[in-house]
Amino acid sequence: MKMFSLEGKIALVTGAAYGIGLAIAKALAGAGAQIVFNCSRQETLNRGLQAYKELGINAKGYLCDVTDEVAVANMVADIEKSVGVIDILVNNAGIIKRIPMHEMSVEDFRRVVDVDLVAPYICAKAVIPGMIKKGHGKIINICSMMSELGRETVSAYAAAKGGLKMLTKNICSEYGGANIQCNGIGPGYIATEQTAPLREIQPDGSRHPFDQFIISKTPAGRWGTPEDLEGPAVFLASDASNFVNGHILYVDGGILAYIGKQPK
Ligand code: NAP
Ligand code: GCO
């Protein structure tokens, strides 16, 4: 099982103060990786540092907006100087804005694409030179079911996550020869702060209509949890996946395979 070990590896997980990023960072730390993370707000950084401390993980945190190329370059340079060259990058930081497309401002559309697509390019561009020098690297892009499917009100997010799927395949194509594996994880519907609005209990005490919809569309009959992503992340970050490249691993409880339960 040594192939799953991350001992001696340095992992940067973006947006990993809580939610999916924190769960993935916890799993990578459990496999032996040294964790570095970032977020864009001081209060989130403080929250993340406290969370890692309570987990007994000696994580280094940075205040860095992943859409700011200079800030990302400076963060990576500081990591390389103070911790070491990054072996594993998880492009996790992401946002969503649920607005009907014809009502969405260009600024809102552009911000979602900036965070969810341009920033993974910025972060990958910053770490790849070090990975090439080291002779290996792992890049994991957190895609989405919306890399494959659309739905009302998430046009910018789906466009970005669809692009992130293809950026994943292109990094694989361009850097596979440098022994860099770039894969994606496509979570299904995961219970985090990002999806909390879709799970709000209704005034009459019933479940949110979208909550009921997702349950009916998921063979597993439940929402995913951030912990469901831990094993897939360790696999894609480790030597166990050295011949897996350009692949999007959907961790969705089977939604993408299932037409959905017949309404009663
Ligand atoms: P979340 O709870 O909203 O957490 C997002 C994290 O990203 C936060 O730590 C946030 O911290 C950080 N972040 C946002 N914008 C940033 C920026 N510009 N620079 C640096 N950090 C930034 O989201 P989540 O549910 O854990 O999702 C994490 C990733 O999984 C996202 O890429 C999301 O699209 C994807 N995903 C989620 C689901 C789901 O069902 N939850 C499913 C599929 C894919 P700050 O606010 O401090 O920056
Ligand atoms: C939405 C949800 C989804 C999830 C996830 C699904 O509004 O449809 O937020 O987009 O976040 O991306 O894989």
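The values are calculated or read from the model by the stated rules, or taken from the named source; none is laboratory data. Every value quoted in this text rests on a predicted model; they were computed, and no experiment measured them. Every residue, glycine as well, gets a Cβ built from its backbone with ideal geometry; the counts of neighbours run over all protein chains shown. Areas reflect the complete protein model, heavy atoms only, side chains present, ligands, DNA and RNA absent. Shrake-Rupley method; radii C 1.70, N 1.55, O 1.52, S 1.80 Å.
Of note:
Per-residue answers, yes or no, for (1) part of a loop (DSSP other than H, G, I, E, B); (2) within 14 Å of ligand 2 (Cβ to nearest atom); (3) in contact with a strand residue (DSSP E or B) (Cβ under 8 Å, 6 or more places away or on another chain):
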{"site": "Tyr62", "(1), (2), (3)": "no, no, yes"}
{"site": "Val66", "(1), (2), (3)": "yes, no, yes"}
{"site": "Leu117", "(1), (2), (3)": "no, yes, no"}
{"site": "Ile122", "(1), (2), (3)": "no, no, no"}
{"site": "Asn141", "(1), (2), (3)": "no, yes, yes"}
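- Here Gly135, Gly177 are screened, and the one residue that is open to solvent by 40 Å² or more (accessible area, probe 1.4 Å) and more than 15 Å from ligand 1 (Cβ to nearest atom) is Gly177.
- Residues within the stretch 178-220 that are free of Cβ contacts under 8 Å to residues at least 24 places away in the same chain and assigned to a loop (DSSP other than H, G, I, E, B), tallied: 9
- Beta carbons closer than 6 Å, at least 6 apart along the sequence or on distinct chains, pair a first residue in the stretch 45-70 that is in contact (Cβ under 8 Å) with a residue 24 or more places away in the chain with a second that is in a loop (DSSP other than H, G, I, E, B) for Arg47/Ala17; Gly48/Ala17; Tyr52/Ala59; Asp65/Ser40; Val66/Ala93.
- Residue within the stretch 186-197 that is more than 8 Å from ligand 1 (Cβ to nearest atom), polar (S, T, N, Q) and open to solvent by 30 Å² or more (accessible area, probe 1.4 Å) present: no
Each row is one residue, and each column tells you yes or no for (1) of a type in the set (Val, Ile, Thr); (2) more than 12 Å from ligand 2 (Cβ to nearest atom); (3) open to solvent by 60 Å² or more (accessible area, probe 1.4 Å); (4) in contact with a Gly (Cβ under 9 Å, 6 or more places away or on another chain).
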residue	(1), (2), (3), (4)
Gln202	no, yes, no, no
Pro219	no, yes, yes, yes
Phe243	no, yes, yes, no
His247	no, yes, yes, yes
